[in-house]
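The values are calculated or read from the model by the stated rules, or taken from the named source; none is laboratory data. Please read all numbers here as calculations on a predicted model, not as lab measurements. A quick note on method: Cβ atoms are made from the backbone with ideal geometry, for glycine too, and the neighbour counts reach across all protein chains shown.
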Amino acid sequence: MKKLILFALFALLIIPALAKAQLVCDETSYPFRQCQVIKEFTDVVAGNPTEAELNFVYKGASWAPLVVRINVSSQGYTFSENDFIGYGLLTTKAINTPVSMNIPLKCVLPPVSFEQTGDNFASPLPNNFTLYCYNETFYIVMPASNNTLKLTLVPNVALIPSQFNFTVELMTDIGVPTIEPEINITNGFGNLSINPPYEKLEFYFNESQNLTVKTLVYSSIFYKKVPKERPFSLIFFDFRNSTPFDGTVQVRYYFDPDEIERNGWDKNNIRFYWLDESTGNWYLVDSGVKDNYVWANLTHFSLYGVFTSLYYPPVQQQIIYGGGTTNYYYNVTNVTQNITQPVEKTVVERYVEKAVCGNGICEVGESCSNCPQDCKCPNGYQCQEGICLPTPVCGNGYCEKGETPDNCPEDCKVTTTTTLPTGITGRIVSIATNPIVAWSIATIIIAVALVFAFKRKIF
Amino acid sequence: MRKFAMIGIAFLLFVSIAYAGVLSYYGKIVGNVNVQGPIFYADFSQNKLLINTKPSQSQSVSFSDSESKFIFSDDIGGVSFNYKIKCEFSLKVWSDSENQILRLYCRYYDTSWHDLCYVDVTVSKTPTVITTSCNSGLTSITNVHRFGYRFEGQSVENVKYYIESNSDGDTRFQLDKVS
């Protein structure tokens with residue numbers, strides 16, 4: 001009995017520690033990984049600041065945007081716009097070079113729009129208070145970087161004393177758009193020139209209609225997941241900001257045959273996929289290849305990716321991996337959407353595990369210096385030692401590489417400190433808990449305790 | 001558990017409605033925070049009420065039964081408190097004779113001074129930290145610029161009261177909502 005009581009006490013002690021709130025990152029996809037909570041928001045006196053600190057790693061090769069959404073809710077509470085103010089500071093440090101930046105974030109109430117991505121965040125639901133924290137520079141997360149994000153919230157001095165539930169989300173774009181055109185559809189037809197002479201997009205609506213299709217075109221995106229059967233991406237089209245249409249539309253993407261050949265991709269296996277954001281998976285769309293274009297019949301606007309597989313000539317090949325050798329036979333005339341599955345799976349897994357330069361995804365191990373086609377630097381940035389760094393602009397407030405106190409004293413002061421509003425030190429009392437983790441751990445411990453008790457015939 | 005499920009559903013609803021573009025979230029942290037009402041600390045060395053900050057040094061003041069002591073905060077900018085306020089007093093106090101009555105006032109200033117509420121405490125010759133509270137009858141107060149803490153002797157005898165403000169923040173009041 002004594003042991004059981006001791007065990008229960010021990011369990012009570014460790015449950016709160018184990019159940020502390022955790023930052024959950026989607027480790028299966030880019031860009032933010034290895035998330036850690038260093039400090040949580042804690043209990044506070046109205047008027048005093050409460051702070052949270054998070055770490056995360058970004059392994060992409062382009063600068064990524066970061067928008068932090070903070071949502072506050074409380075049962076039966078009606079919020080007003082002055083209930084909380086917030087601000088943040090992102091410290092982004094290059095993993096491989098001694099480059100570091102402190103970037104302040106301002107937090108604003110919705111509605112808020114980001115012209116860089118076309119996002120338009122509307123007002124939150126009633127009984128919710130939301131802040132969007134960002135920097136005007138927008139693309140602020142350094143390529144291949146360790147990042148520390150400090151967030152500060154100050155409840156209004158007149159806030160009604162209550163318990164508030166916080167959700168902090170790290171948001172980023174899916175990639176850096178190549179172009180952001182609006183395509184005018186007239187009498188059911190419209191087209192977009194992407195990269196002459198080959199690359200273009202055509203729309204054939206089955207019902208004659210006039211509309212405008214807002215499009216974001218990406219050559220690569222941060223999102224790491226790819227269809228297993230077609231792991232090489234050609235291009236991505238984001239039509240999610242477009243208004244819905246009537247009927248169906250056939251979209252034709254004219255690809256660059258030289259690029260396909262250069263990369264060793266299979267021209268006949270190019271297909272359209274759409275991203276289901278709820279599952280995070282790509283799903284095949286009714287599509288196929290004709291001449292130098294891939295067609296897809298769409299019934300709705302979404303985020304689409306054009307993917308293919310490697311081309312295997314109709315001869316005997318040897319694929320060497322691990323310590324052995326396996327012979328596979330291919331017949332290119334039989335390559336359809338259902339290409340020989342066992343072969344395809346083996347090959348794909350082998351390539352998914354390793355970074356493949358030229359697949360349109362900037363993967364771990366790739367950088368703008370060793371694979372510029374996947375990890376190309378956006379406009380205004382230049383590749384330096386594998387990192388896309390902004391082309392130094394003296395007077396922009398950041399001491400960038402190439403700038404010194406001599407040639408740019410206004411950016412490179414001898415002592416650089418980021419001035420943030422200072423607050424009064426608050427009382428730190430509570431531990432925010434993750435109810436799911438706490439529930440799981442408590443259930444396991446209770447089960448173990450019960451088994452122990454029954455074995456000892458305590459009951 | 002039901003509460004958590006409801007919060008979860010509310011959050012999902014929120015996400016689905018707010019999402020309109022191409023920014024997606026890749027990391028999420030959830031937690032709870034208790035926010036308490038502000039604390040006004042007496043600082044007799046500066047002769048004012050400090051908001052959420054304890055005084056840096058000790059200082060005591062004295063006044064006789066026929067007098068009062070009144071200190072107030074800096075301007076907080078004309079904010080509205082939309083809840084029924086409870087003032088939770090604390091003070092380190094003593095007098096030169098036993099069992100003397102001292103009245104504590106919780107006050108606010110909009111365009112003039114108003115008493116939110118008051119309460120009497122009994123003071124002894126030994127320096128003691130006394131805590132007590134009083135409730136305001138108002139459901140909200142608007143355009144508040146300052147809060148004030150008033151100490152008023154109630155004795156009919158010739159008594160001297162002493163109050164100390166110190167770095168422990170013993171003399172203060174905190175706002176809470178009447179439950």
Being touching a residue at least 60 places away in the same chain (Cβ under 8 Å) and touching a Phe, Trp or Tyr at 6+ places or on another chain (Cβ under 7 Å), is that true of even one residue in region A:193-202? yes
Is one or more of the residues making up region A:35-44 surrounded by 19 or more Cβ atoms within 10 Å (Cβ to Cβ), modelled with pLDDT under 90, under 18 Å from the mean Cα position of the chain (by Cα) and farther than 23 Å from A:PHE164 by Cβ? no
In region A:29-73, how many are part of a strand (DSSP E or B) and either facing chain B (nearest Cβ under 8 Å) or touching a helix residue (DSSP H, G or I) at 6+ places or on another chain (Cβ under 6 Å) (or both)? 14
Those strands (runs of 3 or more DSSP E) lying entirely in region A:112-177 with at least 2 residues over 23 Å from A:ASP374 (Cβ atoms) and of a type in the set (Ser, Thr, Tyr): A:128-134, A:145-155, A:162-172
Would a scan of region A:113-133 turn up a residue that is closer than 24 Å to A:TRP63 by Cα, more than 12 Å from chain B (Cβ to nearest Cβ), under 18 Å from the mean Cα position of the chain (by Cα) and among the polar types (S, T, N, Q)? no
What strands (runs of 3 or more DSSP E), lying completely within region A:232-346, carry at least 3 residues that are at pLDDT below 90 and more than 30 Å from A:PRO196 (Cβ to Cβ)? A:317-321, A:324-328
Which is crowded, with 19+ Cβ neighbours inside 10 Å, within 13 Å of chain A (Cβ to nearest Cβ) and at pLDDT 95 or above, of B:PHE151, B:PHE147? B:PHE147
Which of the residues spanning region A:104-132 are within 14 Å of A:ASN241 (Cβ to Cβ) and not polar (S, T, N, Q)? A:PHE114, A:GLU115, A:GLY118, A:ASP119, A:PHE121, A:ALA122
Do any residues in region A:31-49 that are under 30 Å from B:PHE173 (Cβ atoms) have Cβ atoms under 6 Å from those of residues that are aromatic (Phe, Trp, Tyr), where the two are at least six apart or on different chains, and which pairs are they? A:PHE41/A:PHE166
State whether one or more residues within region A:149-159 are away from chain B (no Cβ under 11 Å) and in contact (Cβ under 8 Å) with a residue 60 or more places away in the chain. yes
For B:SER179, are the conditions met, namely being polar (S, T, N, Q), within 14 Å of chain A (Cβ to nearest Cβ) and not in a strand (DSSP E or B)? yes
If a residue counts only when it is at pLDDT 95 or above and away from chain A (no Cβ under 14 Å), which strands (runs of 3 or more DSSP E) contained entirely in region B:6-106 have at least 3 such residues? B:59-64, B:68-72, B:85-95
Determine, yes or no, whether A:PRO104 is outside any strand (DSSP E or B), in contact (Cβ under 8 Å) with a residue 60 or more places away in the chain and more than 8 Å from chain B (Cβ to nearest Cβ). no
Quick check on A:ILE103: is it buried (at least 20 other Cβ atoms within 10 Å of the Cβ), closer than 28 Å to A:PRO161 by Cβ, within 22 Å of the chain's Cα centre (by Cα) and β-branched (Val, Ile, Thr)? no
